[in-house]
1. For the range 109-122, does any single residue satisfy the condition of being surrounded by 13 or more Cβ atoms within 10 Å (Cβ to Cβ) and more than 26 Å from Asp2 (Cβ to Cβ)?
2. What do you reckon, is Thr58 polar (S, T, N, Q) and modelled with pLDDT under 95?
3. Tally the residues that are at pLDDT below 90 and touching a helix residue (DSSP H, G or I) at 6+ places or on another chain (Cβ under 9 Å), restricting the search to the range 93-103.
4. Listed residues Gly46, Gly54, Gly30, Gly74; which is touching a residue at least 24 places away in the same chain (Cβ under 8 Å) and exposed (fewer than 14 other Cβ atoms within 10 Å of the Cβ)?
5. Only one of (1) touching a residue at least 40 places away in the same chain (Cβ under 8 Å); (2) in contact with a Ser or Thr (Cβ under 9 Å, 6 or more places away or on another chain); (3) over 28 Å from Ser33 (Cα atoms) fails for Asp153. Which number is that?
6. For the range 193-236, what are the residues that are among the β-branched types (Val, Ile, Thr), part of a loop (DSSP other than H, G, I, E, B) and at pLDDT 95 or above?
7. Would you call Leu14 modelled with pLDDT of 95 or more, hydrophobic (A, V, I, L, M, F, W, C), part of a helix (DSSP H, G or I) and more than 27 Å from Phe189 (Cα to Cα)?
8. Restricting attention to the range 78-86, does a residue exist that is farther than 21 Å from Ala162 by Cα, modelled with pLDDT of 90 or more, in a helix (DSSP H, G or I) and among the acidic types (Asp, Glu)?
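The values are calculated or read from the model by the stated rules, or taken from the named source; none is laboratory data. Values in this document were obtained by computation on a predicted structure and should not be read as measured data. Here the Cβ positions follow ideal geometry from the backbone for every residue, glycine too, while neighbour counts run over all protein chains shown.
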Amino acid sequence: MDRVPTGVIGFDELIDGGIPRGASVLVSGGAGSAKTIFATTFIYEGAKKYGEPGLFVTVEDNLKNIVWNMENFGWDIKSLEQRDLMKIYRMHIDPRKPIEPQIDKELDIITSMVKDIGAKRLTIDSTTAFSAWITDPGKLRNLLFRFSDYLKDLDCTTMLTAETSGGPHDFSAFGVEEFVVDGIFMLYFIPPHRSIFIRKLRGTKHDQKVHPLFITPKGIEINPHDEIMWSSIKQY
């Protein structure tokens with residue numbers, strides 16, 4: 001099976017070398033658990049180390065903050081953008097106007113950007129923002145299913161992020177994302193410690209332990225040889 005390395009130090013050996021090409025993965029966790037850093041690493045290292053063009057789509061953060069956070073790790077974002085190996089885009093949704101037509105327009109823009117650079121990797125950060133646009137649970141679930149189906153047609157390996165309460169059994173923000181993705185990576189933050197657990201990854205014999213995650217001056221690293229006990233991860 002063709003696999004896509006995440007580029008996160010120490011992590012790919014836990015998932016048999018990488019994510020199955022074309023799969024979709026949900027990276028979920030509480031505030032401060034390093035979800036966005038994990039997702040940006042996937043795009044950045046894909047472009048820099050593996051030569052795979054990637055598109056990072058932010059739903060709620062502004063572009064300056066995203067770029068600043070990346071460059072704070074010493075990442076040369078501008079060089080990759082100039083070579084069409086990496087693009088960063090912010091979705092524009094006005095909650096005062098009908099939502100679905102706006103989402104359709106944004107998906108068309110994302111599709112064009114994917115085609116323009118021949119993107120092999122795509123990140124959407126974060127799906128949690130959808131709840132600010134649609135408050136009806138049924139409509140929100142339908143949107144997420146439709147959104148997921150659309151992304152699968154782009155022929156990219158896709159990483160979505162979602163913010164949860166941070167508890168050990170809290171896998172998604174709306175209780176539906178976990179059913180529309182091929183994998184779930186759970187990130188935990190019990191100050192000052194961070195950790196990661198692979199909830200599922202279809203077609204992969206993956207590790208089933210909780211491992212320490214560290215934010216370093218150059219990005220994030222996983223310690224694949226150390227284990228954290230479940231009892232240390234408590235519900236907020």
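1. Taking the range 109-122 and keeping what is surrounded by 13 or more Cβ atoms within 10 Å (Cβ to Cβ), we get 109-111, 113-114, 117, 119-122.
Still in the running and more than 26 Å from Asp2 (Cβ to Cβ): 109.
For the range 109-122, residues surrounded by 13 or more Cβ atoms within 10 Å (Cβ to Cβ) and more than 26 Å from Asp2 (Cβ to Cβ): present.
2. Details: polar (S, T, N, Q): yes; modelled with pLDDT under 95: yes.
When the stated conditions are applied, Thr58 passes them.
3. So the answer is 6.
4. Numbers: Gly46 fails: exposed (fewer than 14 other Cβ atoms within 10 Å of the Cβ); Gly54 fails: exposed (fewer than 14 other Cβ atoms within 10 Å of the Cβ); Gly30 fails: exposed (fewer than 14 other Cβ atoms within 10 Å of the Cβ).
Exactly one of Gly46, Gly54, Gly30, Gly74 is touching a residue at least 24 places away in the same chain (Cβ under 8 Å) and exposed (fewer than 14 other Cβ atoms within 10 Å of the Cβ), namely Gly74.
5. Only one criterion is unmet by Asp153, namely (1).
6. Our first condition is that a residue be among the β-branched types (Val, Ile, Thr); within the range 193-236, this holds for 196, 198, 204, 210, 215-216, 220, 222, 228, 233.
Filter again for part of a loop (DSSP other than H, G, I, E, B), leaving 204, 233.
Scanning the range 193-236 gives a single hit, Thr204.
7. Details: modelled with pLDDT of 95 or more: yes; hydrophobic (A, V, I, L, M, F, W, C): yes; part of a helix (DSSP H, G or I): yes; more than 27 Å from Phe189 (Cα to Cα): no.
When the stated conditions are applied, Leu14 does not pass them.
8. First, pick out the residues of the range 78-86 that are farther than 21 Å from Ala162 by Cα: 78-86.
Applying the additional criterion that residues be modelled with pLDDT of 90 or more yields 78-86.
Checking which are in a helix (DSSP H, G or I) leaves us with 78-82.
Now narrow it down to the ones that are among the acidic types (Asp, Glu): 81.
Looking through the range 78-86, at least one residue is farther than 21 Å from Ala162 by Cα, modelled with pLDDT of 90 or more, in a helix (DSSP H, G or I) and among the acidic types (Asp, Glu).
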